[in-house]
Structures are given as structure tokens and as C-alpha cells.
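**Student:** Sending over a structure as C-alpha cells; questions will come in a sec.
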Amino acid sequence: MSQFINNQSIRRKKKLLGELSEFPEGIMAIGRLDEHSEGLLLLTTDGKVSEQVRSKKVEKEYYVQLDGNITPEAIKRIQEGTEIGLRNRKYTTLPCKAHKLDPPPNFKPRTKKIRDDRHGPTSWMSITITEGKFRQVRKMTAAVGFPTLRLFRIRIGTITLDNLEAGGVIEVDQFRISEGD
């Protein structure tokens, strides 16, 4: 879980981020990954950096495995903004970048299998957003008829996941929004 403290009355059997490694006092995750998502998570002790990363100026890119073979029409709907449910009301996401990934990325198989080939085809796409609403990418793909099976955040601003292993940590001296910063 991408949090440092348990804020629920019942302790689940899930490990919290703070239990995985020694981190400096005052460290916080910038944004979160839900328990079914994988990929890049930035940590900081600087509240200004956290605010900057969560702003709409910073791109967050995700690779998403979808149930079914994504169509050009569905990709266009995602690019133009998709109506999703958010806190019991409708919300239209901002326009974003999206395209099919062909060939698909070569991630390690999940330890818990999602499904097998008899359930039909899957496809992969890249979605780059600048906002970060609750489960936004999953809601966007479901709204266009292609539910998310697997989700990886691979980039935040100029920082990329590259070949970092699961649970791996690297220190970044400075956060830049784009290559020119």
C-alpha cells in the first residue's frame, strides 16, 4: 500500500510502504497507487515538490492492459475527455494523450493471475494525464467499454520507471516537469 500509516480501524494483511524500507522522517508519497496498481511512486520530504507534482502541469503516464482489443474510436473518446463517476456525480476528464501499444510492454507476469487466454483478447495502451482523480485511468477505460486488467505508472514528469525492480528505490536530486526545466 502506498501509504506510511494505517488510517483504518481494522488492520489488513497488506504491508504499508513504511514497513518495506527505512525512510527519512517526514517523508510522504506524492499521489498514490491503489493496491491493484503497479509502477512509479515518488516520495519526498518537501511539500512544495509534492504540490508541484500533483499540479496539472505535470504529466503522469500509465501503461494499461485492457480487457478486449481497444478500438480507435475508444482511444479517441479517451483522448477527448471521458465522462466518469466521481463522488456521486459525473465528471468529464481533461483531454489527454492516449495510443495503443503495439507491441505490448514486456512486464513480468503477475504473481496472482488475472485471467487466461480463453477469456478473449487483451490489448495495451498508453494514457498520459495531468490530473489525478480517484481511480481515474481505470474509470476512463471502463467508460469506453474496455475495463483495466493491469495498470502501471511508468512516468511522472521526466522521471521514468525504466528498469527499476519492484520495491527498488533510487534517489532523485531534483524534480523537473519537462526536459527543458
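**Student:** Need one number for the stretch 58-160: average projected area of the convex hull over its C-alpha atoms, nm².
**Tutor:** Approximately 7.0 nm², given one-decimal rounding.
**Student:** Please list, in order, the residues from the stretch 62-99 whose amide nitrogen is less than 18 Å from a point placed 7 Å along the Cα→Cβ vector of R135.
**Tutor:** Backbone N within reach: 64-67, 82-93.
**Student:** Which of the residue pairs K57/K108; K97/K133; K48/K90; K90/K133 have a Cα-Cα distance greater than 23 Å in the structure shown? Can you show the working numbers first?
**Tutor:** Details: K57/K108 31 Å; K97/K133 16 Å; K48/K90 30 Å; K90/K133 12 Å.
In this structure, K57/K108; K48/K90 lie more than 23 Å apart at Cα.
Only the coordinates and a few stated rules stand behind these numbers; no lab work does. This one's a predicted model, so the numbers in the text were calculated from it and none came from an experiment. Counting neighbours? That spans all protein chains shown, and the Cβs are built from the backbone with ideal geometry, glycine included.
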